[in-house]
Structure formats: C-alpha cells, structure tokens
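Asks: Structure incoming, see below.
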Amino acid sequence: QVQLVESGGGLVQPGGSLRLSCAASGITFSSYAMRWYRQAPGKERELVAHITNTGSNTNYAQSVKGRFTISRDNAKNTVYLQMNSLKSEDTAVYYCSAGRFQRFGTYNVDYWGQGTQVTVSS
C-alpha cells in the first residue's frame with residue numbers, strides 16, 4: 001500500500017531548526033510532485049512548500065520563504081523540509097503529500113502522510 005511516513009517533528013525553541021523527512025513507498029516517487037502542508041489548531045490547512053517531481057523547481061509560502069527549504073532525494077524516495085529560524089507561528093502539524101498536475105492543469109493531492117507535530121516554544 002501507499003505510505004508517506006513522516007519524521008523529524010518535535011519541540012524546538014524559537015530561532016532553532018528542524019528537518020522533517022517523509023519517506024514514500026508504494027508509489028513511483030519520481031512521478032510525483034511533493035508538497036508540505038501544515039495545519040495549526042483552529043486554522044485551515046496551509047500549503048508550505050512545493051517541489052516538482054524532478055526537484056527542478058520549488059515554491060514556498062511567503063511566510064516561510066527564506067527560512068524553509070524543501071528538497072527531495074528520489075533515490076531514497078524521500079522529501080525533506082529543512083526549517084530554520086523557527087517562529088512560534090510555525091507551530092502546527094506538518095503533512096507531506098504526493099500529487100500530480102492533471103490534464104487540465106489543476107493540481108491534485110493523491111496521498112497524504114500522517115502528519116508530524118512541530119512545536120516552537122521557549
């Protein structure tokens with residue numbers, strides 16, 4: 001079955017760093033764009049970062065631009081989110097996802113990870 005297994009979340013102080021990992025199985029990993037989303041309590045799910053299937057292009061939410069870096073290692077079927085200069089506002093459950101652009105140009109998330117908690121607090 002398809003699995004996206006996340007790791008690396010935890011408690012970190014403001015200004016600190018974490019690296020999230022998401023290991024995929026059951027899919028042809030290199031065929032999928034990957035995204036990291038996050039959801040804080042009481043808030044809607046927010047797109048954090050996007051990376052194309054080859055890793056050739058990345059996009060970020062304005063709120064994390066310059067602080068977060070998404071990357072992937074297709075040989076390891078893994079996508080990463082390096083988070084630096086963390087702020088309390090980054091506290092959320094972070095989800096990785098696999099998706100593809102459809103024929104008509106819309107993007108569809110096909111698979112979701114289970115989520116990993118990131119808490120930024122002193």
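The values are calculated or read from the model by the stated rules, or taken from the named source; none is laboratory data. Everything quoted here is computed from the prediction, not taken from an experiment. Cβ atoms come from the backbone with ideal geometry, glycine included; neighbour counts cover every protein chain shown. All accessible areas refer to the heavy atoms of the entire protein, side chains included, with ligands and DNA or RNA removed. Shrake-Rupley method; radii C 1.70, N 1.55, O 1.52, S 1.80 Å.
Asks: Any idea how many residues of region 101-116 are part of a loop (DSSP other than H, G, I, E, B) and surrounded by fewer than 16 Cβ atoms within 10 Å (Cβ to Cβ)?
Replies: 6
Asks: Name the one entry in Ala75, Ala40 that is under 18 Å from Thr116 (Cβ atoms), out of contact with any Pro (no Cβ under 8 Å at 6 or more places or on another chain), of a type in the set (Gly, Ala, Ser) and modelled with pLDDT of 95 or more.
Replies: Unique residue meeting the criteria: Ala40.
Asks: Pick from region 60-79 the residues that are assigned to a strand (DSSP E or B) and not hydroxyl-bearing (Ser, Thr, Tyr): which of them is surrounded by the most Cβ atoms within 10 Å (Cβ to Cβ)?
Replies: Per the criteria, the residue is Val79.
Asks: Which condition number does Gln82 fail, the rest of (1) in a strand (DSSP E or B); (2) open to solvent by less than 30 Å² (accessible area, probe 1.4 Å); (3) not aliphatic (A, V, I, L, M) being met?
Replies: Checking Gln82 against (1) in a strand (DSSP E or B); (2) open to solvent by less than 30 Å² (accessible area, probe 1.4 Å); (3) not aliphatic (A, V, I, L, M), the one that fails is (2).
Asks: Inspect all residues belonging to region 90-98 and state whether any of them is surrounded by fewer than 15 Cβ atoms within 10 Å (Cβ to Cβ) and either at negative phi or out of contact with any strand residue (DSSP E or B) (no Cβ under 8 Å at 6 or more places or on another chain) (or both).
Replies: Within region 90-98, none of the residues are surrounded by fewer than 15 Cβ atoms within 10 Å (Cβ to Cβ) and either at negative phi or out of contact with any strand residue (DSSP E or B) (no Cβ under 8 Å at 6 or more places or on another chain) (or both).
Asks: Separate question: Please work out which residue is surrounded by the fewest Cβ atoms within 10 Å (Cβ to Cβ), limiting yourself to region 14-59 and to residues that are among the aromatic types (Phe, Trp, Tyr) and not in a strand (DSSP E or B).
Replies: My answer is Phe29.
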